[in-house]
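K.L.:
Below you will find the structure I want to go over with you.
The values are calculated or read from the model by the stated rules, or taken from the named source; none is laboratory data. Nothing here was measured: the structure is a model prediction, and the numbers come from that model. Glycine gets a Cβ as well: all are built from the backbone with ideal geometry, and neighbour counts include every protein chain shown. The accessibility values were calculated without ligands, DNA or RNA, using every heavy atom of the protein model including side chains. Shrake-Rupley method; radii C 1.70, N 1.55, O 1.52, S 1.80 Å.
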Amino acid sequence: MTNKKYEPLLQPFTFSNGIKLDNRVILAPMTNFSSNEDGTVSNAEVDYYVRRSKGVSMVITACTYGTANGKGFHGEFAADSDEMIPSLRRLATAIKDQGAKAVLQIFHGGRMCPPELVPNGEVVSASAVAAEQEGAPVPRELTNEEIEGIIHDFGEMTRRAIEAGFDGVEIHGANNYLIQQFFSPHSNRREDKWGGSVEKRLTFPLAIVDEVKQAVSKHAKESFLVGYRFSPEEPETPGITMADTLKLVDALAEKDLDYLHVSLMEFWSKPRRGVEDTRSRIEIIQERVGSRVPVMGVGSIHTADEAAAALETGIPLLAIGRELIMDPDWVQKVKEGRENEIVTTLSKKDQEKLVIPYPLWQAVINTPGWFPVED
């Protein structure tokens with residue numbers, strides 16, 4: 001029997017295009033480093049998603065790339081050619097067979113791509129400015145023609161997602177990858193139509209939204225979700241401020257998107273700069289655009305109490321990531337009134353039981369502070 005306090009988490013939700021979710025809990029997109037060498041989805045990856053698709057209402061996959069120089073991770077699966085549609089279909093089907101909606105996260109890594117994963121080791125970005133981290137390569141500035149090509153590739157990834165049977169795509173405009181690099185005054189120092197003022201730095205992200213929406217109207221025979229994920233601030237100077245982000249979300253709210261996904265490590269984190277406001281970033285964003293487009297929050301939510309408190313901000317959707325690696329039965333436990341049985345730590349003996357692919361397991365147990373790991 002569900003505890004009354006947690007009933008809001010289990011309420012259905014219907015998007016404006018009619019797609020209905022069984023509850024408010026979504027599997028957040030998380031890189032798993034576990035695809036095959038040829039870019040196809042691996043058996044271990046499928047098993048990992050199947051294990052986590054039974055209780056949540058929607059699964060947002062790890063990101064996939066659609067341009068050869070956009071591959072951001074070892075073991076990242078590909079959506080860069082029609083040959084990859086059967087692989088994508090296998091993943092979409094596996095998720096949907098468990099009762100969850102399947103959303104493909106589409107991206108380009110830009111200057112964050114490891115040189116060994118891109119053609120000729122040539123990393124690209126909006127401008128020739130390296131990321132502020134040790135050993136980061138200086139990227140080559142993209143030409144106008146290349147930029148147009150990448151925008152086209154986002155449309156093609158969307159078409160492949162539709163043909164593979166996904167219920168939607170999420171445009172990955174967060175976490176310092178290429179779309180964010182164009183919006184950021186740190187990585188974008190261009191003086192043409194793609195850079196300069198905050199409005200000009202919005203040109204590339206909005207062009208991708210338009211291209212994706214166009215692909216949906218052209219190829220989708222039924223309702224298909226388009227979401228957009230963004231990081232609200234950057235620590236660098238110059239960098240994206242909360243004031244910039246409010247301009248971004250205002251522009252995105254005009255684009256008839258199905259949801260905006262705020263990428264945060266900590267749900268209740270507060271702005272660094274750009275606004276005089278003591279509330280959390282998520283509350284500021286929800287107040288700004290929540291009446292125009294559904295907002296999805298995320299960030300270090302582990303217990304049912306934390307999830308319930310997060311929904312009280314007014315956001316309708318909650319993505320949970322690391323916690324669903326540690327406890328894939330989270331939603332079922334809340335539903336059955338067993339929320340006190342939710343597991344919030346990992347044991348080094350848990351890999352097999354939790355169906356975690358080996359490359360992801362290595363990252364989980366060897367990245368300090370990422371997970372609470374017990375011996």
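K.L.:
List every residue pair whose Cβ atoms sit under 6 Å apart, with the two residues 6 or more apart in sequence or on different chains, where the first one lies in region 352-375 and is farther than 22 Å from residue 266 by Cα and the second, anywhere, is basic (Lys, Arg) and open to solvent by less than 60 Å² (accessible area, probe 1.4 Å).
P.N.:
355/51
K.L.:
Select the helices (runs of 4 or more DSSP H) contained entirely in region 186-269, then report the ones holding at least 1 residues which are small (Gly, Ala, Ser), at pLDDT 95 or above and open to solvent by 30 Å² or more (accessible area, probe 1.4 Å).
P.N.:
203-219, 242-253
K.L.:
Shifting gears a bit: Considering only residues of region 63-77 that are part of a loop (DSSP other than H, G, I, E, B) and closer than 15 Å to residue 34 by Cα, which is most open to solvent (accessible area, probe 1.4 Å)?
P.N.:
Here the answer is 74.
K.L.:
Another question about this same structure. So which of 46, 50, 25 ends up being crowded, with 21+ Cβ neighbours inside 10 Å and either among the basic types (Lys, Arg) or at pLDDT 95 or above (or both)?
P.N.:
The unique qualifying residue is 25.
K.L.:
With 288, 279 as the choices, which residue is more than 18 Å from the chain's Cα centre (by Cα), within 26 Å of residue 251 (Cα to Cα) and in a helix (DSSP H, G or I)?
P.N.:
Only one candidate passes the filter, namely 288.
K.L.:
Look at region 78-108 and say how many of its residues are assigned to a loop (DSSP other than H, G, I, E, B), within 24 Å of residue 25 (Cβ to Cβ) and within 18 Å of the chain's Cα centre (by Cα).
P.N.:
Within region 78-108, the subset assigned to a loop (DSSP other than H, G, I, E, B) is 79-81, 97-100, 108.
Narrowing the set further to residues that are within 24 Å of residue 25 (Cβ to Cβ) leaves 97-100.
Imposing the further condition that a residue be within 18 Å of the chain's Cα centre (by Cα) reduces the set to 100.
Going through region 78-108 one residue at a time, the tally reaches 1.
K.L.:
Restricting to region 28-43, count the residues that are surrounded by fewer than 17 Cβ atoms within 10 Å (Cβ to Cβ) and hydroxyl-bearing (Ser, Thr, Tyr).
P.N.:
0
K.L.:
Let me ask you something else. Would you mind telling me which numbered condition in (1) assigned to a strand (DSSP E or B); (2) among the hydrophobic types (A, V, I, L, M, F, W, C); (3) closer than 22 Å to residue 122 by Cα residue 33 fails?
P.N.:
(1)
K.L.:
With respect to residue 60, determine if the residue is in contact (Cβ under 8 Å) with a residue 24 or more places away in the chain, among the β-branched types (Val, Ile, Thr) and buried (at least 19 other Cβ atoms within 10 Å of the Cβ).
P.N.:
yes
K.L.:
With respect to residue 154, is the statement that it is crowded, with 22+ Cβ neighbours inside 10 Å, part of a loop (DSSP other than H, G, I, E, B) and under 17 Å from the mean Cα position of the chain (by Cα) true? Talk me through it step by step, then tell me what you get.
P.N.:
On the way: crowded, with 22+ Cβ neighbours inside 10 Å: yes; part of a loop (DSSP other than H, G, I, E, B): no; under 17 Å from the mean Cα position of the chain (by Cα): yes.
For residue 154, the condition - crowded, with 22+ Cβ neighbours inside 10 Å, part of a loop (DSSP other than H, G, I, E, B) and under 17 Å from the mean Cα position of the chain (by Cα) - is not met.
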